[in-house]
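> Sharing a structure with you now.
The values are calculated or read from the model by the stated rules, or taken from the named source; none is laboratory data. Being a predicted model, the structure only gives us computed values, none of them experimental. Virtual Cβ from ideal backbone geometry, glycine too; neighbours counted across all protein chains shown. Calculation scope for accessible area: heavy atoms of the full protein, side chains included, ligands and nucleic acids excluded. Shrake-Rupley method; radii C 1.70, N 1.55, O 1.52, S 1.80 Å.
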Amino acid sequence: MNIANNWNDYKILDMADGQKLEKWGDVILSRPDPQIIWKDKSYPEKWKNINATYHRSKTGGGTWEYNKKMPQQWQIKYKDLTFNIKPMGFKHTGLFPEQAVNWDYIISKISQRTKKNQEVKVLNLFFFFFGATVAALSAGASVCHVDSSQGMVNWAKENVSSSGLRERPVRFLVDDVVKFVNREIRRN
């Protein structure tokens, strides 16, 4: 198993009672995680500095409770990649930091090919994996990024720009992923 342990701007501070305490840059968030079944906090003092906590609703979804002033959106870095973070519905922040091991893999594999002047094309079909789009672009691939939400595609574009990759070859398509793939299969 590979662990995403090369972060400087993200850290899990503690976990207890179904909540994960995380530090995203200078912002501390408490978010639900159903895999955390133990009750006792290892570092109770760290739970006093929370900027926001996500509370799940019994009827679905949930809301953020803000305990301290914090930015609406901020940036964190993973190596040379820069990501825009913001609290969203359903407890998300727009980034899954555990995916960093996959970004490293993507960068490694693509870099091996581009160093040999071999063209690499990547099709990314899921927004919440926009980190893969940014990683692939940073390694020299051309990317086609498909998501059904214009707002999510706009956010992916922001992350590409934040990492200084705006001039790299990337296409953003707003489309239903399943319909897109089925159309492409029929076309070829």
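> Scan the stretch 97-117 and give yes if some residue there is in contact with a strand residue (DSSP E or B) (Cβ under 7 Å, 6 or more places away or on another chain) and among the small types (Gly, Ala, Ser), otherwise no.
Checking the stretch 97-117: at least one residue is in contact with a strand residue (DSSP E or B) (Cβ under 7 Å, 6 or more places away or on another chain) and among the small types (Gly, Ala, Ser).
> Look through LEU125, LEU95 and report the one residue that is of a type in the set (A, V, I, L, M), open to solvent by 30 Å² or more (accessible area, probe 1.4 Å) and in contact with a helix residue (DSSP H, G or I) (Cβ under 9 Å, 6 or more places away or on another chain).
LEU125 is the lone residue from the list that is of a type in the set (A, V, I, L, M), open to solvent by 30 Å² or more (accessible area, probe 1.4 Å) and in contact with a helix residue (DSSP H, G or I) (Cβ under 9 Å, 6 or more places away or on another chain).
> Filter the stretch 103-122 for residues that are of a type outside the set (Lys, Arg) and open to solvent by 70 Å² or more (accessible area, probe 1.4 Å); which is farthest from PRO169 (Cα to Cα)?
Residue satisfying both the conditions and the ranking: TYR105.
> If a residue must be assigned to a loop (DSSP other than H, G, I, E, B) and polar (S, T, N, Q), how many such residues does the stretch 36-54 contain?
Looking only at that region, the number is 2.
Rundown of residues vs (1) exposed (fewer than 15 other Cβ atoms within 10 Å of the Cβ); (2) modelled with pLDDT under 95; (3) of a type in the set (A, V, I, L, M, F, W, C); (4) within 24 Å of LYS157 (Cα to Cα), yes/no style:
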residue: TYR10; (1), (2), (3), (4): no, no, no, yes
residue: ASP14; (1), (2), (3), (4): no, no, no, no
residue: TYR43; (1), (2), (3), (4): yes, no, no, no
residue: LYS58; (1), (2), (3), (4): yes, yes, no, no
residue: GLN75; (1), (2), (3), (4): no, no, no, yes
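> Please work out which one of (1) modelled with pLDDT under 95; (2) small (Gly, Ala, Ser); (3) crowded, with 17+ Cβ neighbours inside 10 Å is the condition ALA136 fails and give its number.
If we test ALA136 against (1) modelled with pLDDT under 95; (2) small (Gly, Ala, Ser); (3) crowded, with 17+ Cβ neighbours inside 10 Å, just (1) comes out false.
> Only one of these is touching a Gly at 6+ places or on another chain (Cβ under 9 Å) and closer than 20 Å to SER163 by Cα: LEU123, LEU95. Name it.
LEU95
> Mind counting the residues in the stretch 150-185 that are small (Gly, Ala, Ser), outside any loop (DSSP other than H, G, I, E, B) and at pLDDT 95 or above?
Final tally of qualifying residues: 2.
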